[in-house]
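A.B. asks: Dropping a structure here in structure tokens format, bear with me for questions.
The values are calculated or read from the model by the stated rules, or taken from the named source; none is laboratory data. Just so we're clear, the structure is a prediction, and the values are computed from it rather than from any experiment. Here Cβ is always computed from backbone atoms with ideal geometry, including for glycine, and neighbour counts include all displayed protein chains. All accessible areas refer to the heavy atoms of the entire protein, side chains included, with ligands and DNA or RNA removed. Shrake-Rupley method; radii C 1.70, N 1.55, O 1.52, S 1.80 Å.
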Amino acid sequence: MSTAFSSEQHTTHVWWQRLRPRLTILYLVVALLLVLISGAGHLRLFHEFGKVFGGFTWAIDSDSSNGQIVIITTPPQLPPFAIPSGSLTSDTHIIKANNTPGAAGMQKVYQHAHPGEIITYTAGGDQTSSMIFTRPTSVFNWDLWWQTFGMTFIAGISWLIVGIVLLATASEWTGAVEGLTLLPPAMLLLLYSHWGNIQSATPPDFIVQMVWIPCFALLGAAFIHLSLTYRPIAMMKERNPSWLIDGLPYAPLLLLIGYEWLSFLTIGHVPIRTNIELSLGYAVLGGVVSLSIGIVSILQMLNLWPASKRRPQEVRGQIIPSRIRHHIGDLLTLWIGGIGLGFCFGVLPILLTGKTLLPLSTFYMLATIYPLILLYAIRSLRLIARLHVTLDQREEALQEQQKTARVLQKTNEELTHATELLLHADAHLRSLLSQRIHDQPKQQALRIRSLLGYWQHKLRLEMERSIDGKVTAPQIIEALGKVRKISEELERDLHGLQLLVEDAYQRRSLGLKLHLEKLVREDLPQLHPESSLQIQADLWALDALSLDLEQTDIGEKIAEAISYTVTQALLNIYNHAGASFATVRTTCEENILKVEIADDGHGFNIRNVPPEKTSLFKGELKVRAAHGTLHIESFPSPGPNHGTTILLEIPLPPEAQLPVSQALPDYKEQYN
């Protein structure tokens, strides 16, 4: 993910949180210095207000030995001058003014001239003969200053302000680069006030030689810097300051600065023409390199150039997302297109031919408006990028949620499977326990009772037959009677233990319906002979579960859930409900088997069931394993409708034979 698509609305990296305020302060200091230096140049021009001049700004060619004059520009309000402005293709100089040679002579002529006075200029070049031209004088005023120098100051201020805003609001290093690269155009516009004389013969100052002219080379380095920053491969990873991208484009400037200082210290000035040629040469080189990098970036976005030489097949058409392509395309259009076109159609024609393709006032106005448009566009692109990131983050979060949901679903499936295994093991163990109770302890107790009864009867007969009374065994008979009574209690307790574990052995032997009928009619009354509870059972719907169906996996789960739930519910009614009657009703509607167990006991609060009472929890697990639902309603006494109702609903398999409904009188009404 490119840092241009940072997911944070504000800075997220500690290093950038520390660097951005310092960089912004440094930018403000540089901006303040530029404004002060520009203001010094404009203050020099303000001192020329009201003075007579030739209707053009001029400069002293420091490379000439006799102080020849080079024309800088002609204000748009005044007619053009026949002598072309100084440029790389024009070496025409003003040699004399009213036959007075040099810059000092021109200054003397202007000081004694009157507005509208015709002055004769003698011009010549290295390869041209002398030429004589005439031009009336004018008075330098506010309007001339505004059209020539004032609009450049406003344009420079506009570039500075936009640069500060972009830098101060940058959430990553790429945004900082966008703000910093606005300095070269701002410097060219602001420091233009140091170029040109009105009346005073002042040679090009230190600012022009050492700062303004090198700004062209700085602009070329900024072109390369932006092009390297806006490469797709650079936008697709976290962007940090790098000497290769952020330092190398500016390295040749060190050679240029070294040449300027060496010239300044040895001959007292920097050769203007050579300095301009070197600076413009690097500016053109920067434009060519920037154009080449931009073309490669466009080819990469069009999948015509591999984004990586190491893995061209893997990254072709996949490594550059569409949003990054649109983002880079817009940035290249804004920066390289806007600034490059402005440089090519504005500054470069002046330096090459001395004329602009557009009027200077129009060019300055466009130069003022363009950074504001640039600010709006970049801010919009940043907001769009953050919106894309937010959408990507939400999509990623959604994918994570889906992944988590799949993991939870898998865990739930594993838990469900484990629960089914536990329930199956529980049912198997209880069935095995029930069978063993039936086959071993219960049969042994029955055998003990039979043997004791036999010997008790036999001893009683022997005693009655004995004439002499020698066979008397009343104590033995009494002991055997007690043992028999204990055996009967043991048998009853073992049978009750079978019911506690839900007599699966009996259910599988008799079938679900007969098992529950025997449970209601015989087993539970024998286990609780002292209870007066009356149970009415309506089990006709259980005929849907045939013995063959109960042998299947789903039939086993359904029978297990119904048998366990009914058994535990009736045991709780006997032991805890204090009820006088209870009903067990079954119905079958739309292939849904319903079993309802109701009583008129004192009820209970379902939320207060202690955790050690696991029968309810196990019942819910068994019903859920059979794809059914279990509903419990209980109203504590002394309410009018006190009692508990348990409703069990289980869907039947398609192969179940639905029975015919059988009407049964309401047992509750018989007790009312």
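A.B. asks: Residue 82 versus residue 620, label points 7 Å from Cα toward the beta carbon: distance in nm?
C.D. replies: About 10.8 nm separates the two model spin labels.
A.B. asks: Accessible area per residue of the stretch 138-246 at 1.4 Å probe, in Å²?
C.D. replies: 28 Å²
A.B. asks: What number results when the radius of gyration of the stretch 187-306, computed over Cα atoms, is divided by 2.2 N^0.38 Å?
C.D. replies: Against the compact-globule rule of thumb, the ratio is 1.32.
A.B. asks: If I take all pairs of Cα atoms in the stretch 167-241, what percentage of them are more than 14 Å from each other?
C.D. replies: Percentage above 14 Å: 68.
A.B. asks: Could you work out how far the C-alpha centroid of the stretch 151-189 sits from that of the stretch 521-543, in angstrom?
C.D. replies: Going from one Cα centre to the other spans 93 Å.
A.B. asks: Another one. With a probe of 1.4 Å, find how much accessible area the stretch 529-616 has per residue, and write the answer as a whole number in Å².
C.D. replies: Averaged over the residues of the stretch 529-616, the accessible area is 45 Å².
A.B. asks: Counting only protein heavy atoms and a 1.4 Å probe, tell me what percentage of the stretch 562-628's accessible area is made up of carbon and sulfur.
C.D. replies: 51 percent
A.B. asks: Per-residue counts of other Cβ atoms within 10 Å, averaged by peptide: what ranking do you get for 524-537, 403-416, highest first?
C.D. replies: Result, highest mean first: 524-537, 403-416.
A.B. asks: Post the alpha-carbon centroid distance, the stretch 190-267 to the stretch 59-78, in whole angstrom.
C.D. replies: Centre-to-centre distance over Cα atoms comes out at 24 Å.
A.B. asks: Starting from the Cα of residue 284, step 7 Å along the direction of its Cβ; do the same at residue 592; then give the gap between the two resulting points in nm.
C.D. replies: Each label point lies 7 Å from its Cα, and together they span 8.9 nm.
A.B. asks: Another question, if that's okay. Along the charge dipole of the stretch 81-212, Cβ charges K/R +1 and D/E -1, which of 184, 139, 202 sits furthest on the positive end?
C.D. replies: It is 139.
A.B. asks: Quick check on my link table: of 403/594; 410/618; 518/618; 410/622; 485/557; 513/618, which ones sit more than 31 Å apart, alpha carbon to alpha carbon?
C.D. replies: 403/594; 485/557
A.B. asks: To the nearest 10 square angstrom, what accessible area does residue 552 show with a 1.4 Å probe?
C.D. replies: The accessible area comes out at roughly 50 Å².
A.B. asks: Excluding ligands and nucleic acids, what accessible area in Å² is computed for residue 483 using a 1.4 Å probe, to the nearest 10?
C.D. replies: Ignoring ligands and nucleic acids, residue 483 comes out at about 60 Å².
A.B. asks: How do 161, 276, 592, 119 stack up against each other in accessible area, from largest to smallest, with a 1.4 angstrom probe?
C.D. replies: Highest to lowest solvent-accessible surface, that is 161, 592, 276, 119.
A.B. asks: If you don't mind, another one. Given a 1.4 Å probe and heavy atoms of the protein chains only, how would you sort 180, 34, 366, largest accessible area at the top?
C.D. replies: 366, 180, 34
A.B. asks: Under 1.5 on a/c is rounded, so check that first for the stretch 226-284, then, if it is not, pick prolate when a/b is larger than b/c and oblate when it is not; a ≥ b ≥ c are the square roots of the alpha carbon gyration tensor eigenvalues.
C.D. replies: Prolate.
A.B. asks: Heavy atoms only, probe 1.4 angstrom, no DNA, RNA or ligands counted: give me 206, 81, 153, 216 ranked by accessible area, highest first.
C.D. replies: 206, 153, 81, 216
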